[in-house]
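A.B. asks: Quick one: the structure is below, and I'll ask about it shortly.
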Amino acid sequence: MIDVINVFLFVLIFMLVYLLVNKYNIFLKTDKYKKKNNLYFSTKEYSIKNFFQKINFVKAKDNFLSKQGYPLNLNAISYYLLKVSLTFLLFFAASFNYNSVLLGLVLGALGYFCVDIYIYLNKKTRDNEICTDLLNVVDSISLQLAAEMNLKDSLRRQFENCKNKDFKRAILEFATQYELSELDINKSLEELKNKFDILEINMFCNSLKEYSKVGNIIEILENLSDTLKTKYLEKVKSDTRTKVLYITFGVILALGNIIMLTFYPLFISIGQGFNSIFS
């Protein structure tokens with residue numbers, strides 16, 4: 001039983017370290033994209049507003065969950081209730097079943113963070129889906145604008161290029177509001193940006209803002225398309241490496257089982273032979 005617990009703790013620590021390293025890597029890439037596209041808007045007024053939003057943690061968490069599409073149908077209240085419930089449930093279950101407060105604390109910490117881990121993994125998958133849809137939308141708009149179609153008509157059917165339901169609905173609402181607002185794109189873009197917490201969507205909205213200023217944004221959209229294609233290729237490479245890792249791990253386990261099944265009787269017979277010799 002102690003060996004099983006040690007293995008479990010090792011796997012838990014490995015997962016936490018992997019998630020922290022991965023999150024730091026995403027932060028570095030996000031910072032690089034921001035610097036590349038001049039997306040820093042750190043005014044004093046914005047900083048003060050952001051500070052007060054963080055103080056009101058319930059409102060801030062609800063805003064965060066809304067931008068993630070409310071995973072598991074959790075709002076801010078149910079999110080905190082679920083975290084606390086899982087924490088106490090796993091803590092008392094481990095403490096009473098294994099008579100170990102230390103293991104109870106470890107499992108309680110796991111229960112507290114498991115919802116956040118799920119939301120993080122769900123966000124990563126969802127963001128990748130949306131970025132893939134966004135790449136299709138950007139390429140489609142670029143082609144249609146190059147064919148002398150105006151932006152209003154180009155946006156009207158872009159939701160058909162989207163597979164993620166949240167982004168599909170957001171693009172449809174954006175196009176409808178843009179058309180009904182007598183082509184005032186700024187307000188529509190602000191609402192689209194506020195629905196997601198994805199850097200590439202902010203870049204897309206900033207690109208479309210230039211349409212009312214310069215009229216021709218094909219080159220801007222092509223640059224954004226190149227950025228999205230680079231990210232998509234990185235995702236494909238990462239998925240390939242992960243699959244290769246899983247396959248390698250599975251092959252190692254299978255070979256280990258074959259070796260154990262093959263040599264176990266031999267080890268038993270050798271052991272019995274030594275016992276008969278020295279007995």
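The values are calculated or read from the model by the stated rules, or taken from the named source; none is laboratory data. Since we're looking at a predicted model, the values are computed, not measured. When the accessible area is computed, the model is the full protein with side chains, heavy atoms only, and any ligands, DNA or RNA have been set aside. Shrake-Rupley method; radii C 1.70, N 1.55, O 1.52, S 1.80 Å.
A.B. asks: Return the Rg/Rh value of region 149-237, two decimal places, where both radii are evaluated on C-alpha atoms and Rh is the Kirkwood radius. The partial results should precede the final answer.
C.D. replies: On the way: Rg = 13.2 Å, Rh = 13.8 Å.
Using Cα coordinates only, the ratio equals 0.96.
A.B. asks: May I ask you to give the percent of accessible area on region 122-161 that is carbon plus sulfur, with a probe radius of 1.4 Å?
C.D. replies: Details: 890 of 1850 Å².
Taking all protein chains in place, region 122-161 shows 48 percent carbon and sulfur surface.
A.B. asks: Greater than 30 Å separation of Cα atoms is the criterion. Which listed pairs, 193/243; 83/187; 168/229; 59/213; 168/231; 209/237, meet it?
C.D. replies: 193/243; 83/187; 59/213; 209/237
A.B. asks: Taking 0.36 nm per intervening residue step and subtracting the Cα-Cα distance, what contour gain separates residue 156 from residue 78 on full extension?
C.D. replies: 24.4 nm
A.B. asks: Would you list 105, 199, 261 from the most to the least accessible area, probe 1.4 Å?
C.D. replies: Order by accessible area, largest first: 261, 105, 199.
A.B. asks: For region 189-228, with all protein chains present and a 1.4 Å probe, just round the carbon and sulfur fraction of the accessible area to a whole percent.
C.D. replies: That fraction is 42 percent.
A.B. asks: Report the rotationally averaged projected area of region 77-164 based on its alpha-carbon convex hull, in square nanometres.
C.D. replies: 7.9 nm²
A.B. asks: Using only the Cα atoms of region 128-279, each taken as one equal point scatterer with no solvent, compute I(q) by the Debye sum, divide by I(0), and report log10 of the ratio at q = 0.10 Å⁻¹.
C.D. replies: -0.48
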